[in-house]
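To start, the structure itself, in structure tokens.
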Amino acid sequence: MKTSIFTGAAVLASFSSGVAAQGGAWAQCGGQGWSGATTCVAGYTCTFVNNWYSQCLPGGAASTFTTTSTAVIRPTTTLVTLSTSRTSSAAVPTQTAGGKFKWFGVNEAGGEFGQDTYPGVWGKHFIFPDNNAVRTLINQGYNTFRVGFAMERLSQNGLTNGFDAAYLRNLTESINFITNAGAYAVLDPHNFGRYFGNIITDVDAFGTWWNNLAKHFLLNERVIFDTNNEYHTMSQDLVLRLNQAAIDGIRSAGATSQYIFVEGNSWSGAWTWNTTNHNLRELRDSVEGKLVYQMHQYLDSDGSGTNPNCVSGEIGVQRVVGATRWLRENGKVGILGEFAGGANSVCQTAVKGLLEHLKANSDVWHGALWWSAGPWWGDYMFSFEPPSGTGYVNYNGVLRQYL
């Protein structure tokens, strides 16, 4: 989605109610449409992340208020995240299934945080999932976790060179924890088709990068490879070729038992998929039945996921029906890899309608993943981090009906 990291996390500010005008450690402090605090407590500076999000990060001038930090700093590498969607609609396709989802869970953000701070420091600029929180969700029945990470941290010296050992180790530990617990872990390079801010145009190098990464997870059948998060404002042919290069690189590494999630242009939006990403029907996989089309969909007015208000109680269904038809007409299957709604009754109705539609069409929709859990979300409006994330408190009861 078009947002970035908010975060509270293991680093929480400690200050009195008299300083509510200042953002706490890791809190949001700016961005398009932001109306909250624009300055930070002592030891933190309001730092621009993107047009939609600024965050209180360590450093900068002190203020008269204090803040305490309990984060563990572990040397390694690291990034921050952003994303979004765009537009389309159609009549509801014939509903034919109504079965159980193969994959249902959450995104786990954090490994991609700290955008433009490379390689960064674990626990300061980026973080990986909290195993205890993941275990809580697995115990409730959630079975899929999409783990974000930064290509720039993993591959610090070019796409075809070696991986940073410490970052790869931390990422692998998180993946192994999830899969050893019996769940699926989606490897999500959360890069928007970019590398160090530039659109990836070296298709062969991208295929090599995926070939090298896949070799590290050959024996783990519960790993899913996600080619890249939310390609956008790129040549449609390039998006096709990058996806195909990733597929070919993964399979040539010998990873033939795992699923591959491919993503589309225009932030992989479901509402524009049938008009924007039609050429992706040409993707080919040497392994039968393991290619899945991942789409994202938010329910606010511009589909960006930056506003807690949903357009209407019907907007969830309205924004995915075109994608449902596209999947069925082209003999493909999909997953809604990001979705969310604000803590209000209109959004709850819209989210329920969306999930009911996906369930009714589960012959082509094989799952859905909430955006997002992760230990640094703080009071972020969609946070699904147990036990007190806003999304978790307001939607856990809703989502558990689909497990």
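What to note about this one:
- Divided by 2.2 N^0.38 Å, where N counts the residues, the Cα radius of gyration of segment 207-329 comes to 1.14.
- Carbon + sulfur, % of accessible area of segment 271-403 - ligands and nucleic acids excluded, 1.4 Å: 46 percent
- Amide proton proximity set for Cys29, modelled H, under 5 Å, gap of 5+: Ser54, Gln55, Cys56
- Average accessible surface area per residue within segment 325-403, 1.4 Å rolling probe, Å²: 30 Å²
- Accessible area per residue in Å² at 1.4 Å probe, computed on segment 118-253: 34 Å²
- Take the Cβ atoms of Asp379 and Arg194, set R0 to 30 Å, and the FRET efficiency comes out at 0.55.
- The accessible area of Leu299, taken with all protein chains in place and a 1.4 Å probe, comes to roughly 0 Å².
- The C-alpha atoms of segment 109-186 occupy a region whose extents along the principal axes are 40, 25, 15 Å, arranged from largest to smallest.
- Förster-model FRET efficiency, 25 Å R0, Tyr118 and Lys215, C-beta, rounded to 0.05: 0.60
- Max-minus-min Cα coordinates of segment 314-360 on each principal axis give 36, 18, 15 Å, with the largest extent listed first.
- Between the alpha-carbon centres of segment 167-200 and segment 233-264 there is a gap of 15 Å.
The values are calculated or read from the model by the stated rules, or taken from the named source; none is laboratory data. What you see is a predicted model; the values in this text were computed from it and never measured. Here Cβ is always computed from backbone atoms with ideal geometry, including for glycine, and neighbour counts include all displayed protein chains. Heavy atoms of the whole protein, side chains included, go into the accessibility calculation; ligands, DNA and RNA do not. Shrake-Rupley method; radii C 1.70, N 1.55, O 1.52, S 1.80 Å.
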